[in-house]
Amino acid sequence: MINIIASVLISFFVCLILGPFLIPILRRLKFGQSILEIGPRWHAKKSGTPTMGGIIFIIGIAIATLFLARDDKVTILLLTAIAFGIIGFIDDFIKVVLKRNLGLTASQKFTAQTLVAVAFSVFLFNAGFVNTELYIPFFSGVINLEWWLYIPFTVFVLLGTVNSVNLTDGLDGLAAGITVVVSIFFTVAAFAFKDYNTAAFAAAITGGCMGFLLFNAHPAKVFMGDTGSLFLGGAISVIAIVLKLHFLLIIVGGIYLIETLSVILQVISFKLTGKRIFKMSPLHHHFELAGWKETRVVTVFVIVTIILSFIGLLGIHNILQFIE
């Protein structure tokens, strides 16, 4: 428990120290975010806000994890999350330095993410850090997949989560705020399963996101960019995977999922009927165009995530009763 608390504090205070130091550097390097014209028109005033700020909490999380969770498995989790963060960094670099507003092409980004996801899934399985079991919450059961089903499913969960968190990062404090709640849930889950090193890693994510919110809450002084959102998506998903909680991730990360579904449904509807289901996607922009203030959207989405996390805790209780 002491390591978990210390992990939160170290990650938080590292971000607290790094923020005032790195943000001016990002601004001087002109690493400012370009706002896409397809977004709400009032977001144009955010243009020029430094991006790639995910570096701040990545450093904080890495330091806390390496000091307090010295474990081969957790090291692999951290490195995998960093690998996704590097993909995001390259994407951000192309956007803000090379001035290609869309960054990496969709195929380039998907290929890189898939390579990381496959490498992680295969290594984790071959190293014996996981088996092919998945917990089924609320049904007191376990699914034991064949390896040739387990690895593709794990890759799917990784890619889905990474890109869902990326889509969620569209308002000041939204992705970081939701991830604070989700990471607290996985800290509690890992602790309940007596996986204390993984709990310390999840706690570091909590502290890092809390520290980052000091600079990212509305009005944001810095954006996390794809550097941060891909890292967070990778970090949350690998924790869920090693805890065998693939299905609970769907519940607790419900906002991530809904944001992604809103984009998918919008595209399908427009291509098939020429009509849009939402005023704009992802979903947070729909509520903005419906008249909600940005802070209200963020608050409601975080509250929904808190409720979903309590449902997730009931699922953890059910799983513990089953395995005991």
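Bear in mind these aren't lab numbers, they're just calculated from the coordinates by the rules spelled out. Because the structure is predicted, anything quoted here is derived from the model rather than measured. All Cβ positions, even for glycine, are placed from backbone atoms using ideal geometry, and neighbour counts span all protein chains on display.
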Exercise. Can you list the chymotrypsin sites (Phe, Trp or Tyr not before Pro) in the range 128-212 that are in a DSSP coil and have 16 or fewer other beta carbons within 10 angstrom?
Worked result: PHE129, PHE138, PHE139
For this session: Quick one: angle between helix 294-323 and the longest Cα principal axis of the chain, in degrees between 0 and 90, rounded to 10, please.
Result: 10
For this session: Rank the residues LEU174, LEU257 as a footprinting-exposure proxy: fewest other Cβ atoms within 10 Å of their Cβ go first.
Result: LEU257, LEU174
Exercise. Scaled to the compact-protein estimate 2.2 N^0.38 Å, what is the alpha-carbon radius of gyration of the range 194-250, rounded to two decimal places?
Worked result: 1.28
Problem set entry | Selected from LEU243, LEU98, LEU159 as most flexible by GNM, with the chain as the system and alpha-carbon contacts under 10 Å | LEU98
Problem set entry | Quotient of C-alpha Rg and 2.2 N^0.38 Å, computed over the range 264-324 | 1.67
Seminar exercise, completed: Rounded to one decimal in nm, the spacing of the 7 Å Cα→Cβ label points at MET1 and ASN126 is 4.1
Exercise. Using modelled amide H (1.01 Å from N, peptide plane; none on Pro or chain starts), what sits under 5 Å from the amide H of LYS221, excluding residues fewer than 5 places away?
Worked result: ASN216
Seminar exercise, completed: The Cα radius of gyration of the range 79-213, divided by 2.2 N^0.38 Å with N its residue count, comes to 1.18
Seminar exercise, completed: Under 20 Å between C-alpha atoms, the lysine pairs in the chain lying 8 or more places apart or on different chains count 22
Exercise. Across all directions of projection, what mean area in square nanometres is found for the Cα convex hull of the range 2-323?
Worked result: 16.0
Problem set entry | Length-normalised contact order of the chain in % [C-alpha pairs under 8 Å, at least 6 apart] | 27
Exercise. Based on DSSP H runs of at least 4 residues, each adding -39500 (n - 2.57), what is the mean residue ellipticity at 222 nm of the chain after dividing by all its residues, to the nearest 500 deg cm²/dmol?
Worked result: -24500 deg cm²/dmol
For this session: Pull out the extension gain between LEU261 and HIS317, defined as 0.36 nm times the separation in residues minus the alpha carbon to alpha carbon distance; nm, one decimal.
Result: 17.3 nm
